[in-house]
């Protein structure tokens, strides 16, 4: 498939717009010859750009194949890329005002790998963009239906179980922003970055300004400062409100099958899709103002980058603001976590926070004293000490808003008073569990447990964290999370296996599912046994077979199931090993066949062929005389 | 597998690094003395303090470091000032590297890096292994990860 033809002039103009600005200055600075030169350069550049874009257009080709999306592109260095549908995290479509006017749209496909957008199609017609979006979803669900686990349907819950059909599943609206809510989003959006920027700029201009007002009185200066700061806040508030308003204008979240779709934006329209099976975490945020009004925000995280934001501002494919109970109801549609009852850290930890805040106040007082001493102004430097009054309530609030809760399938954590975040992490999505104790935490005998996921905002360090819980409880939590992850993985595997291999023979699948536990335990022993077992192998290869390996070879039980050799272990390995290709040889010799090639290179190359012959002979003789020990082992198993 | 400690020679690497850091941190003091801004004893004291802290930290770090492969997870226990215990479920291992930097090669050591899809623990690094130990550990983890038969959940 080709790009939209309008994209050629549009892309060319996009490229040269920067040069136009430069030329403008050239013209301004050199009125005599500037114009002619500028026109010539501009003409050349435009021609060059158009030429390049035509080549780009001709080279760019994308195709929706059976199970991958193929994109081949590149004028100078060519690139062919195949993205498997299953790996696509989200598909985002955006259209700016100009793009809407000329009828093109940009499509971005995110996968979990890499740091930038993996599939970027610039530009196609809006209809084509929608078609890609729908088609990717349809083929993905067809793909997973054919083989790779349909975990999503169960998770999506009510009504979403409908299989893919030609038309695509019906869209069900989950949330649409009301004008009142939109106004509220604007009112509660405060863009702090502008203040930082202006403060940075003005810090450079203060010496300049002070030279203009050499003899101004302190009162006038203070008044100006206050007005200035007030104005700054007002401006950044209005800017924040404007940005939020244009961003979230017409926000709409809906679900179609096992996929969430969103739309938003006034000038630049964004629309995108998030498969529910790709949701890594849910995040509720609120602040005291929102809590007082009974509102909260929700963001939905995948392992791809946050849609439309390039990972800078966190996911905005989320509900910007809505009544708290509505937000929770919506979130439960995506991840069915129960009714959380958070357990808080031990009360004594409030002393720690109080102590910490008191130290901060102490530092402020000391800084004020230093300034006062340096200026000799006789100011009341002890004034910041008044903040000590606020320390106990602050410590209490900090404690009060911390907590975690272990649901049936989810871990919920809660942190922060000014910007309170509740994070919902399904156990299945946990990647690592990290237990940290700083030197101060150890003094209070507490620890922090972090459940790391592949979610995008984890990159910014906003993981689900249970902070400052008693060490014993933290260790329990850590082990519980590990255990529940194991169970969740086993459940997923069970479901997948049932689908892939047992097709209806649920009884057998159940048996396997139960046995995964035993197998899981056995990995440790396998690790142990190979420590000893790895050594003899090179020897055995060089000298033919030693007695030890002879025994290994001979243990082919009557039932034909070759079991790994767990010599030196007291465990009961009577459960049949799962999914091990039992060929001629005992499976535990080189448990991963992939690595056989490497082993050949490890310096045993010279004798390989001879060895192989020897092996065969040995194996034969083993089978001839090896029945007895094998039978013994079998008896012992039973 | 019981808890494993690192190879003792890694202390040499860490102590050398501490000495280097101490030297870098002491340099401004020495410069100040050269410009007659500080009395002569300051770089000596500062250097001694930095060296003591750095070497002490390096030695304690070695003592604290341990790792263990248990039935379904890799456990790491480390950190002097902030103690960190990381649990990496074997099902979540994406790939495993063994690597040898120039300093490590000089000391005859190697390290093993375990990657998961998680972003924070993206690289779990086990330093201070012998080269054979590092590749053995890599093989071991790879094998266990394959056996654990996980999904990456992304």
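The values are calculated or read from the model by the stated rules, or taken from the named source; none is laboratory data. No experiment lies behind these values; they were computed from the predicted model shown. Glycine also receives a Cβ, built like all others from the backbone with ideal geometry; neighbour counts cover every protein chain displayed.
Among the residues that make up the range B:115-124, is at least one of them facing chain A (nearest Cβ under 10 Å), closer than 23 Å to residue B:16 by Cα and within 16 Å of the chain's Cα centre (by Cα)?
Yes, that holds for at least one residue.
Which one is nearest to residue B:72 (Cα to Cα) among residues in the range A:416-447 that are away from chain B (no Cβ under 14 Å) and touching a helix residue (DSSP H, G or I) at 6+ places or on another chain (Cβ under 9 Å)?
A:424
Within the range A:449-464, take every residue that is facing chain B (nearest Cβ under 10 Å) and in a strand (DSSP E or B) and give me the one that is modelled with the highest pLDDT.
Out of the qualifying residues, it is A:449.
For the range B:40-62, indicate whether the set of residues that are away from chain A (no Cβ under 14 Å) and either closer than 22 Å to residue A:480 by Cβ or outside any helix (DSSP H, G or I) (or both) is non-empty.
yes
What number of residues within the range B:42-69 satisfy the criterion of being touching a residue at least 60 places away in the same chain (Cβ under 8 Å) and touching a helix residue (DSSP H, G or I) at 6+ places or on another chain (Cβ under 9 Å)?
Number satisfying all stated conditions: 4.
Look at the range B:77-113 and say how many of its residues are part of a strand (DSSP E or B), within 14 Å of another protein chain (Cβ to nearest Cβ) and over 14 Å from the mean Cα position of the chain (by Cα).
7
Any residue at all in the range A:148-170 that's loosely packed, with under 14 Cβ neighbours inside 10 Å, in contact with a strand residue (DSSP E or B) (Cβ under 9 Å, 6 or more places away or on another chain) and at pLDDT 65 or above?
Yes - at least one qualifying residue is present in the range A:148-170.
Within the range A:15-47, how many residues turn out to be modelled with pLDDT of 85 or more and surrounded by 13 or more Cβ atoms within 10 Å (Cβ to Cβ)?
2
Exactly one of (1) buried (at least 18 other Cβ atoms within 10 Å of the Cβ); (2) over 24 Å from residue B:124 (Cβ atoms) is unmet by residue A:437. Its number?
In the conditions (1) buried (at least 18 other Cβ atoms within 10 Å of the Cβ); (2) over 24 Å from residue B:124 (Cβ atoms), residue A:437 misses (2) alone.
So, residue A:421, is that one surrounded by fewer than 22 Cβ atoms within 10 Å (Cβ to Cβ), within 21 Å of the chain's Cα centre (by Cα) and part of a strand (DSSP E or B) or not?
yes
Spot the failing condition for residue A:475; the list is (1) at pLDDT below 90; (2) facing chain B (nearest Cβ under 10 Å), and only one is missed.
In the conditions (1) at pLDDT below 90; (2) facing chain B (nearest Cβ under 10 Å), residue A:475 misses (1) alone.
Name every residue in the range A:272-288 that is outside any strand (DSSP E or B) and at pLDDT below 85, in order of residue number.
Those that are outside any strand (DSSP E or B) and at pLDDT below 85: A:276, A:277, A:278.
In the range B:67-76, what residues are crowded, with 16+ Cβ neighbours inside 10 Å and assigned to a strand (DSSP E or B)?
Of everything in the range B:67-76, those that are crowded, with 16+ Cβ neighbours inside 10 Å and assigned to a strand (DSSP E or B) turn out to be B:67, B:69, B:73, B:74, B:75, B:76.
Among the candidates A:484, A:498, single out the residue that is touching a helix residue (DSSP H, G or I) at 6+ places or on another chain (Cβ under 6 Å), more than 9 Å from every other protein chain (Cβ to nearest Cβ) and modelled with pLDDT under 85.
It is A:498.
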